[in-house]
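Read the figures in this text as sums done on the coordinates, not as results from a lab. Being a predicted model, the structure only gives us computed values, none of them experimental. Cβ coordinates were reconstructed from backbone atoms using ideal geometry, including for glycine residues, and neighbour counts include every protein chain displayed.
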Amino acid sequence: MKRIYPIFYTILLIIIGIFCYDVFGWGNSAETIQISISENDNLSVLSDKLKEEKVIFSKHLFKLFYQFNTHSTTIHPGTVTLHKNDSYQQISKAISDSKKGTVTITIPEGFEVREIAERLLKNELISSENDFYTALENYSFQTNQGNIITGEALNGFLFPDTYAIPQSTTPKAIITMMTNHFNTKWTDEFQKKADALNMDVTEVITLASIVEREARKETDFPLVASVFHNRLQQGKKLESCATVQYILKERKAVLSVADTQIDSPYNTYRYEGLPPAPIAVPGMLAIEAVLSPANTDYLYFFTDKNGNNHYAKTYAEHNALINQYGL
């Protein structure tokens, strides 16, 4: 029996040593391991991968430690870089805090910058909306044709689309991703059309942002664009409800007289010409409509209760249509 004790203690010490080495990561190793975590991987699958790469000795022990340490079984898809001798604490932290996952997010046409910031925050791609605004204020973007876009003008160049964004991406990198995407859409042909209209890219995008918010159906885009082009050419105020809604930060179905009297350079009921910057992100339909508007004499339009737009050449025709549709 006496011989059993030394053997027992030796085995116990070996077990304790393995436990300590595995959990606490004793020793230093510069060797790094890239662990790929797929979208459908769970903690068990990840533990198997860690064991296969010899980052951990016991997958069952690691799973218990991870759940106890993070109070969660959640893991993010992506790639995590670890060292061979990392402790369970270091491994758990790298996995739970790295936010290596990729979020697929859609920015719809017509979104205002505040709505973009809200959606990014909701998807945990930014820590605060102010972080995004600050990054935007300090950002400078150059179009393929050499135009430098800064300040509020950038609001229209965050091209609306579906993006796959890694959760570790900075606000500046997100802005770069969206503005670079704009560059893939704004072609030399678009620039030639803008030049023919005697408009620079910012003016086109500003007007397109208004068209985006005012048009209801695909067929409306070139017609709405024609109305605004005609009014600009005749020196008439645009009188766009969308620009007032931008000031209000509320998409009211019907504006009050007081709303249309708000003193703001964005209020196209009070000030002639385009507002100082885009009010939203326009999509391709709106941009193409501004560059190639319908050939009409329309100066007015309104939207009826069913969401249909009606167009008129004169104010008298406009009022007659409004009365006809009970508005």
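Points worth noting:
- Report summary: the helix-based calculation at 222 nm, which adds -39500 (n - 2.57) for every DSSP H run with n ≥ 4 and divides by the residues of the chain, gives -14500 deg cm²/dmol.
- Magnitude of the charge dipole for the stretch 130-219, about its Cα centre and with charges confined to Cβ atoms of Lys, Arg (+1) and Asp, Glu (-1), is about 180 debye.
- When each of Lys122/Lys236; Lys122/Lys252; Lys172/Lys249; Lys192/Lys237; Lys59/Lys172; Lys237/Lys305 is checked by Cα-Cα distance, pairs over 30 Å: Lys122/Lys236; Lys59/Lys172
- Ordering of 119-127, 175-183 by packing [mean C-beta count within 10 Å, highest first]: 175-183, 119-127
- Value of relative contact order over the chain, rounded to a whole percent, pairs C-alpha under 8 Å and six or more apart: 15
- Packing-based ranking, highest mean first, of 257-264, 139-146 given that Cβ atoms within 10 Å are counted: 139-146, 257-264
- Charged-residue dipole, Cβ positions (Lys, Arg, Asp, Glu), the chain about Cα centre, Debye nearest 20: 1280
- Under a model in which nothing but the beta-carbon of Lys, Arg (+1) and Asp, Glu (-1) is charged, the stretch 214-324 shows a dipole of about 140 debye around its Cα centre.
- Cα centroid separation, the stretch 298-326 to the stretch 163-195 (Å): 37
- Within-14-Å neighbourhood charge of His310 [Cβ basis; K, R +1; D, E -1]: 0
- 12 Å beta-carbon shell around Asn230, net charge (K/R +1, D/E -1): +2
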